[in-house]
Amino acid sequence: MKNENLKLFLLTLLYLSILFALFWIYAGGVVENNFIYNEF
């Protein structure tokens, strides 16, 4: 049972880290585009 909980926890952590990475890339791209538009 403890092994299953650990596996579930690791999967959740992996899922959250992937979501965070995608959000970071998306947000970074939007900020970069706005910066370029404002500068030029």
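A few notes on this one:
- The residues of region 1-29 that are surrounded by fewer than 10 Cβ atoms within 10 Å (Cβ to Cβ) and basic (Lys, Arg) amount to a single one, Lys2.
- From the options Asn3, Asn34, residue that is at pLDDT 85 or above and over 19 Å from the mean Cα position of the chain (by Cα): Asn3
The values are calculated or read from the model by the stated rules, or taken from the named source; none is laboratory data. Since the model is a prediction, treat every value here as computed from it, not as a measurement. Note: ideal-geometry Cβ built from the backbone for every residue, glycine included; neighbour counts use all protein chains shown.
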